[in-house]
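Novice: Here it is, the structure in full.
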Amino acid sequence: MKKETTFTAKQVGGRIKERRTELNITMPELGRRVGVNKSTIQRYEAGLIRSAQWLSTVLRKRCSQLPNG
């Protein structure tokens with residue numbers, strides 16, 4: 001049986017911030033792209049929202065379509 005890896009909201013939020021920074025996207029821009037406001041992005045990145053895994057999934061799908069450059 002495959003064991004699923006679990007991450008805390010803080011870990012997911014840190015990865016979201018790391019990837020957002022790599023892509024040179026501001027919090028307001030990221031919020032606009034995923035349909036939330038800047039303060040929500042701040043709370044996700046701080047690990048204050050437990051459903052950060054949902055945002056991580058959205059980001060993976062949307063940001064993978066962005067050009068790296």
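Values quoted throughout were computed directly from the atomic coordinates according to the rules given, and no laboratory measurement underlies them. This is a predicted model, so every value here is computed, not measured. Ideal geometry is used to build each Cβ from the backbone, glycine not excepted, and the neighbour counts take in all protein chains shown.
Novice: Considering amide H positions built from the backbone, and no H for Pro or chain starts, which residues 5 or more places from residue 25, or on another chain, come under 5 Å of its amide H?
Specialist: none
Novice: Full-extension gain between residue 50 and residue 15, please, as 0.36 nm times their residue separation minus the C-alpha to C-alpha distance.
Specialist: 11.2 nm
Novice: Okay, moving on. Mind checking Rg over Rh on region 9-53, alpha carbons, Kirkwood formula for Rh?
Specialist: 0.93
Novice: Suppose R0 equals 35 Å; then what is the FRET efficiency for residue 8 and residue 32 from their Cβ-Cβ distance, rounded to the nearest 0.05?
Specialist: Efficiency at R0 = 35 Å is approximately 0.85.
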